[in-house]
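K.L.:
For reference, the structure I am asking about is given below.
Here, each number is a calculation from the coordinates, and none is a lab measurement. Predicted, not measured: the structure shown is a model, and the values here were computed from it. Cβ placement follows ideal geometry from the backbone for every residue including glycine, while neighbour counts extend to all protein chains displayed.
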Amino acid sequence: MEINGVTIDNTYAEAFPTWVCRVIITAVTNDWARKAATEATGFATSAIGCPCEAGIECDIPASETPDGRPGVAILICASKKKLKEQVVERLAECILTAPTTAVFNGITDAEEKIPVKLHFFGDGYEYQKEVGGRKCWVIPIMNGEYVGEEEFGIVKGVAGGNFFVMGENQMAALVGAQAASDAIADMKGVITSFPGGIVASGSKVGSLKYKFMVASTNEKYCPTLREKVADSKIPAGIKAVYEIVIDGVDEKSVAAAMGAGVKAAAMVPGVKFISAGNFGGTLGPYKLELHKVL
């Protein structure tokens, strides 16, 4: 298959289950909501070494938030065991501390919920009130009051949807990857958790040489190793590769994001080949085939 002269590899991305919590952050301006969202999703690129995977999902207009202020939605993804701790810590340390913020549950129809009891920070001065039909706690703080719900819905989602953007030089591949990330940025139900939504150092499970490593460089996709690795996945003429990794609330959302990202990358001059990463089923049960997501 080709799009705009770019070859789309006949392969699949291998994804795995995760649990997802969606948090809506509002503030006096979108800029302040986004500042809090950025802080709350820090150090959350990959579950390989981070305590969770998290990212900004989308902006939400004031007309659609519970308190009528500009908002930003974030997704926090982790194992079910770890998710509560991560949501509590990120709300407490990164959002409660940010100017003018409030938080609301972003998955109201979830069958399962986790408690996030921040009101104890109020030291007895906290009180309850209804905001936009939702029961919230109010904590007096230095800039006025912090408002937040304390039950957040969680759903079983999908992590690790991915594709590789391969270019004739580094800048072509980077611009192609950025176009893909931008195309996904405002899609509902998904995040790209890496810096700018782009991965420069794709990994494989474990290590060929260092047994203590849980992950190591994916030598099959390193252009400088094309002549040194017998089963290299780098086509002739490719000088750089970037990976887009997508987490989402369900398989359908991740597949749609992959399709949108691949199409956007293929429109960039110098992008020559698009593939995807899998480990033959050892990583997860989801097979997101490139030709099908398109």
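K.L.:
What number, rounded to the nearest 500 deg cm²/dmol, is the helix-based mean residue ellipticity at 222 nm of the chain, given -39500 (n - 2.57) per DSSP H run of at least four residues and division by all its residues?
P.N.:
Counting only the DSSP helices, I get -6000 deg cm²/dmol.
K.L.:
Please work out how much length the chain gains when fully extended from TYR127 to CYS58, using 0.36 nm per residue of separation minus the C-alpha to C-alpha distance, in nm with one decimal.
P.N.:
21.8 nm
K.L.:
Chymotrypsin sites (Phe, Trp or Tyr not before Pro) within the range 182-289: which are DSSP loop residues with at most 15 other Cβ atoms inside 10 Å?
P.N.:
Listed in order of number, the matching sites are TYR210, PHE212, PHE279.
K.L.:
Additional query: Using only alpha carbon pairs under 8 Å that are at least six residues apart, calculate the relative contact order of the chain and give it in whole percent.
P.N.:
So the answer I get is 27 percent.
K.L.:
Moving on to the next point. Distance between the C-alpha centers of the range 50-76 and the range 141-177? Whole Å please.
P.N.:
11
K.L.:
On C-alpha positions alone, give me the angle between the axis of helix 251-266 and the longest principal axis of the chain, in degrees, nearest 10.
P.N.:
Relative to the chain, helix 251-266 is tipped by roughly 50 degrees.
K.L.:
Could you give me the percent of Cα pairs per 10 Å distance bin for the range 20-155, shortest bin first, beginning at zero and ending with the bin that holds the maximum distance?
P.N.:
Spelled out per bin, shortest first, that is 13, 47, 34, 5, 0.
K.L.:
Also, quick follow-up: Please give me, ordered by residue number, the trypsin sites (Lys or Arg not before Pro) of the range 131-180 that lie in loop per DSSP and have at most 11 other Cβ atoms within 10 Å.
P.N.:
For trypsin sites (Lys or Arg not before Pro) across the range 131-180 that sit outside H, G, I, E and B with at most 11 neighbouring Cβ atoms in 10 Å, the list is empty.
K.L.:
So, one more: Longest segment of the chain with no GluC sites (Glu not before Pro) in a DSSP loop having at most 10 other Cβ atoms within 10 Å?
P.N.:
In the chain, the maximal stretch lacking such sites is 112-226.
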